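> Before we start, here is the structure in question, set down as C-alpha cells.
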Amino acid sequence: MAPRKIIIDTDPGQDDAVALLLALASPDELEVLAITAVAGNVPLALTTRNARTVCELARISHVPVHAGCDAPLSRRLVTAEHVHGKTGLDGADLPAPTLPLASMGAVEAIVHHVRREPPGTVTLCPLGPLTNVATALRHAPDIAERLGGIVLMGGAYFEVGNVTPAAEFNIYVDPEAAAEVFASGVDLTVLPLDATHKALITPPRLQAIADIGTPVARAVAGWLDFYERFDLEKYGGQGGPLHDPCVIAHLLEPELFSGRRINVEIETVSDLTRGMTVADWWGVTDRCPNAHFVGHVDADAFFRLLTERLARL
C-alpha cells in the first residue's frame, strides 16, 4: 500500500518536534508532502526555524517548510514560552538550521498540494492553532471536499482546559479559526487532552528514549526533560503528557486509540469560556456529529511505537 500523504501544520514546541520526527521516521506509512508553520507556542519566526531544525536533525532535506500566519484571524497572539522556553525548543543545544524556507507560503502550499493530489488522498495534521487551515479553507473552499480528512491535536472535554479553566491552548489561541474548521464539513479526528493526558512521559519511558543513544534520541530526551517540568509542577503525577505525537501515532496505529463520533462546537464569544470545545459526548443535543473525538490511548503501546521509530533516525 502506498504511504498516506500528509501535510503537518505545526508550531514547534518540543512535542510538535517529536511528532515531526515520528512522521519523518515512518516513510513506509506516511509521505510528508510539506510542513507548514504557524504562530502559536512561540512566534512565527521561531516556529519556522524550529521546523527546519527538526528536519535537519532527522537529516531530511526534501520536505519543504513553509511560513504561515503570524497571528490569529482576529485576535492578539498568545504564546507559551513559559512551557516551551524562549526558543520553543529549549532542552537541546542544536545549531541554527541552514535549510531554507520554501518560497511558497503555508496557506498557498496547503491549497496547492490538496488540489494537485487525487481527491481524498491528502490528510491535514494540525498540531497548533488552526489559523493556517482556516485561512486555506477561506481562500479555497473547494479543498474541503478534496481533503482525505483532518487529524488534529486540540480541545478537551473531561480534562477541561490547560490554559484557562475551560480551554485547551491550541483552540484558545484562535477560536474563530477552530470554529470555521469544525464547521467546514471535513472529516475530523480530534486528539484532545482527554487522550493526550494519558500519554505520560514517565521516567522509564524517557529513559528508554535516551538509551537509544543517537543524536536524535539525545535531543528528544533533552526536549522532553525540559518540557515536562511545567506539567509536573502543574499536575503532579508520574510524568507530563506528550500531546502532539498522538496525532501521528493515530495515523500509524489507530487501533491504539478509542473515542466517539460526536458533535463538537467552539465557543468564541464568552470571555469566561473562550476556546472551549463544547463536546456533546453524551448525545444530549440534536446537533449533527462532526468529529471523531478520541478519549483514550494505550499509552504503553504508544511509547513503544514512538521509541521504535525514533531509533530509526
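> Show the residues, 5+ positions off or on another chain, whose built amide H is closer than 5 Å to the amide H of Val122.
Answer set, sorted by chain and number: Gly148.
> What list of ³J(HN,Hα) values in whole Hz, one per residue of region 174-180 in order, does the Karplus curve 6.51 cos²θ - 1.76 cosθ + 1.60 (θ = phi - 60°) give from phi, with Gly and Pro shown as x?
With coefficients 6.51, -1.76 and 1.60, one gets 9, x, 5, 5, 4, 4, 5 Hz.
> Oh, and also: Label points 7 Å out from Cα along the Cβ direction at Ala71 and Glu117: separation in nm?
Computed distance between label sites Ala71 and Glu117 equals 3.2 nm.
> For the chain, what's the relative contact order in percent, using C-alpha pairs closer than 8 Å and at least 6 residues apart? It would help to have the intermediate numbers written out before the result.
Working: 722 pairs, mean separation 61.5, N = 313.
Relative CO of the chain lands at 20 percent.
> Okay, moving on. Got a sec to turn the phi values of region 9-22 into Karplus ³J(HN,Hα) couplings, 6.51 cos²θ - 1.76 cosθ + 1.60 with θ = phi - 60°, whole Hz, x for Gly and Pro?
9, 8, 9, x, x, 4, 5, 4, 4, 5, 4, 4, 4, 4
> Moving to a separate point now. Check Ala71: other-chain or 5+ apart residues with amide H under 5 Å from its amide H, H built from backbone geometry?
Sorted by chain and number, the residues that satisfy this are Ala39.
> What spacing in nm lies between the two simple spin-label points modelled at Thr202 and Arg260, each 7 Å away from Cα in the Cβ direction?
It is 2.8 nm.
> Which whole-Hz ³J(HN,Hα) couplings does region 161-166 yield from phi under the Karplus relation 6.51 cos²θ - 1.76 cosθ + 1.60, θ = phi - 60°, glycine and proline marked x?
Working through the residues one at a time gives x, 10, 10, 9, x, 10 Hz.
Only the coordinates and a few stated rules stand behind these numbers; no lab work does. Nothing here was measured: the structure is a model prediction, and the numbers come from that model. Virtual Cβ from ideal backbone geometry, glycine too; neighbours counted across all protein chains shown.
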